[in-house]
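Undergrad: Questions regarding the structure given below will be posed in turn.
The values are calculated or read from the model by the stated rules, or taken from the named source; none is laboratory data. All of these numbers come straight from a predicted model, not from anything done at the bench. Virtual Cβ from ideal backbone geometry, glycine too; neighbours counted across all protein chains shown. All accessible areas refer to the heavy atoms of the entire protein, side chains included, with ligands and DNA or RNA removed. Shrake-Rupley method; radii C 1.70, N 1.55, O 1.52, S 1.80 Å.
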Amino acid sequence: MKKLSLAATGLVLGASAATAGGLDRSYTPVDLIFEKGSYAELSYGFTMPDLTGSDFLGNAIGNVGSDYGIWGAGLKLQFNEQWSFSLIFDQPYGADTSYAGNPATSLLAGTGATADSNALTAILKYQATDRFSVYGGPRVVRADGTISLSGLAYGPLSGYQVNFNSNDGLGYVLGAAYERPELGMRISATYHSAVDLDFQTAENIPTTAGGLGFYVPTGITATQTPQSFELAAQTGLNPRTLLFGSVRWSEWSAFSLNPPSPVPNLAELDDTWTYEIGVGRRFTDKFSGSVAFSYEPGGSDSLVSPLAPTNGQTAVTVGGKYQVTDRISFSGGLRYTMLGNALPETGTPDTPRGSFRNNDALSVGFKIGIALN
């Protein structure tokens, strides 16, 4: 059976819905290592979220999710039949949330968060037999961010701001795969370790809370990106059709942001499970397409951080790939995501402050692939 290529299948997963799966955006892809021969690719995804609601004082909350784009790139070098090396760049985590309005009359107006990250992963793959392979290598993640807490819901803390200076940390990737190329079959298991980060922190604590009212360095905020595990599988149904799916777990419950001041943890997120199933079809020797459905259940209740006002998601992704020449391919994809209803909360005990319902996001993406031999 001729192996079916589905380069567009997961393409716009790299342009995932705002704050889906904690702060996941690219889902830390490694599919590049399974490309045939030496290969290079460049991808870009763009997401347009629509996150609106109302607070419990009756104030409408306009769209708090800003549009964003993420880049990805990769290079695979095939040394011989057994050994290959891949270098993968992605932007795995991020946030861009901002509440408009008057903090003096609204519960959450002025609250917001920005976060950016870049990661570089080096993977060495060993093809032990024609069916079994193992792979792994180091991963470097660099991240930074800012958070603002504002509005009547925060009481004397309204106006608090914190800046986390850019920092990087080292982790690793380990995995194994079983393949039957004649059947279009592959089963892979991939683990990404947590990555420790130590942010130099500056805080602006409102004077009404006894602070100085302007940014001052306060020390180090220690945190870590979540560890994750993904089990992915695909198999040919006939020479032109491929069935694929995956299950991914990410330990966001271990992620925290506890600044050096007495301000409590600014990030309380649930572990996430992401399920995907789809089918691909090769229509001609040059063109193939795919459709995939994914589901991410919400947390144990609808209470969420105002900085990530969604609770689970359901999405459909449509992709296509065109073989421009023997060496160059172009892939494109479109993803529509229905975001789960959520109640942003503050305080201890958790107190709901508003409601977000019937929200969604639209993502588009493209990828250019080049066979190098």
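Undergrad: If you scan region 262-289, which residues turn out to be open to solvent by 40 Å² or more (accessible area, probe 1.4 Å) and within 20 Å of PRO309 (Cα to Cα)?
TA: PRO264, ASN265, GLU268, ASP270, ASP271, TRP273
Undergrad: If you don't mind, there's one more thing I want to ask. Output the qualifying pairs, or none if there are none: Cβ atoms under 6 angstrom, residues six or more apart or on different chains, first residue in region 180-191 and more than 20 Å from THR241 (Cβ to Cβ), second residue open to solvent by 40 Å² or more (accessible area, probe 1.4 Å).
TA: ALA189/LEU231; THR190/GLU230; TYR191/LEU174; TYR191/PHE229
Undergrad: Still on this structure: When the residues of region 321-340 are narrowed to those that are open to solvent by less than 80 Å² (accessible area, probe 1.4 Å) and part of a loop (DSSP other than H, G, I, E, B), which ends up nearest to PHE366 (Cα to Cα)?
TA: The extreme case among them is VAL324.
Undergrad: Is it the case that PRO206 is over 30 Å from GLY245 (Cα atoms) and open to solvent by 70 Å² or more (accessible area, probe 1.4 Å)?
TA: So PRO206 does not fit the description; no.
Undergrad: Still on this structure, I have one more. Of the residues in region 341-373, how many are open to solvent by less than 20 Å² (accessible area, probe 1.4 Å) and under 24 Å from GLY58 (Cα atoms)?
TA: Final tally of qualifying residues: 6.
Undergrad: Moving to a separate point now. So how many residues does region 41-95 have that are among the aromatic types (Phe, Trp, Tyr) and farther than 11 Å from ARG25 by Cα?
TA: The number of residues fulfilling the criteria is 6.
Undergrad: Any residue that is among the polar types (S, T, N, Q), in a loop (DSSP other than H, G, I, E, B) and open to solvent by 50 Å² or more (accessible area, probe 1.4 Å) - is there at least one of those in region 249-261?
TA: Yes, because at least one residue in region 249-261 is among the polar types (S, T, N, Q), in a loop (DSSP other than H, G, I, E, B) and open to solvent by 50 Å² or more (accessible area, probe 1.4 Å).
Undergrad: Residue check, GLY22 against (1) under 28 Å from GLY299 (Cβ atoms); (2) part of a strand (DSSP E or B); (3) small (Gly, Ala, Ser), all met but one. Which one?
TA: (2)
Undergrad: Could you check, for region 294-308, whether at least one of its residues is part of a strand (DSSP E or B) and in contact (Cβ under 8 Å) with a residue 60 or more places away in the chain?
TA: Checked region 294-308: at least one residue is part of a strand (DSSP E or B) and in contact (Cβ under 8 Å) with a residue 60 or more places away in the chain.
Undergrad: While we're on this one: Is at least one residue of region 269-284 acidic (Asp, Glu), assigned to a strand (DSSP E or B) and under 20 Å from the mean Cα position of the chain (by Cα)?
TA: Yes, region 269-284 contains a residue that is acidic (Asp, Glu), assigned to a strand (DSSP E or B) and under 20 Å from the mean Cα position of the chain (by Cα).
Undergrad: Here's a check for you: in region 44-73, which residue that is of a type in the set (D, E, K, R) and in a strand (DSSP E or B) is nearest to GLY110 (Cα to Cα)?
TA: ASP55
Undergrad: Against the conditions (1) open to solvent by less than 20 Å² (accessible area, probe 1.4 Å); (2) under 17 Å from the mean Cα position of the chain (by Cα); (3) closer than 30 Å to LEU152 by Cα; (4) of a type in the set (A, V, I, L, M), where does MET48 fall short? Just the number, please.
TA: Result: MET48 passes all but (1).
Undergrad: Filter region 85-103 down to residues that are within 15 Å of the chain's Cα centre (by Cα), open to solvent by 20 Å² or more (accessible area, probe 1.4 Å) and of a type outside the set (S, T, N, Q), then give me how many there are.
TA: Matching residues across region 85-103 total 3.
Undergrad: While we're looking at this one, here's another question. With the checklist (1) crowded, with 18+ Cβ neighbours inside 10 Å; (2) out of contact with any Asp or Glu (no Cβ under 7 Å at 6 or more places or on another chain) in hand, flag the one item SER106 doesn't pass.
TA: (2)
Undergrad: Which one is surrounded by the fewest Cβ atoms within 10 Å (Cβ to Cβ), of the residues in region 74-84 that are in contact with a strand residue (DSSP E or B) (Cβ under 8 Å, 6 or more places away or on another chain) and outside any strand (DSSP E or B)?
TA: GLU81
Undergrad: Determine whether ALA292 is modelled with pLDDT under 95 and open to solvent by less than 20 Å² (accessible area, probe 1.4 Å).
TA: In short, no.
Undergrad: In addition: Any chance region 165-186 includes a residue that's within 29 Å of SER294 (Cα to Cα), open to solvent by less than 60 Å² (accessible area, probe 1.4 Å) and acidic (Asp, Glu)?
TA: yes
Undergrad: Take SER54 and tell me if it is open to solvent by 10 Å² or more (accessible area, probe 1.4 Å), without any contact (Cβ under 8 Å) to a residue 40 or more places away in the chain and among the hydroxyl-bearing types (Ser, Thr, Tyr).
TA: For SER54, the condition - open to solvent by 10 Å² or more (accessible area, probe 1.4 Å), without any contact (Cβ under 8 Å) to a residue 40 or more places away in the chain and among the hydroxyl-bearing types (Ser, Thr, Tyr) - is not met.
Undergrad: Same structure again: Which residues, counting only those in region 101-134, are within 15 Å of LEU149 (Cβ to Cβ) and out of contact with any strand residue (DSSP E or B) (no Cβ under 8 Å at 6 or more places or on another chain)?
TA: Correct list: PRO103, ALA104, ALA109.
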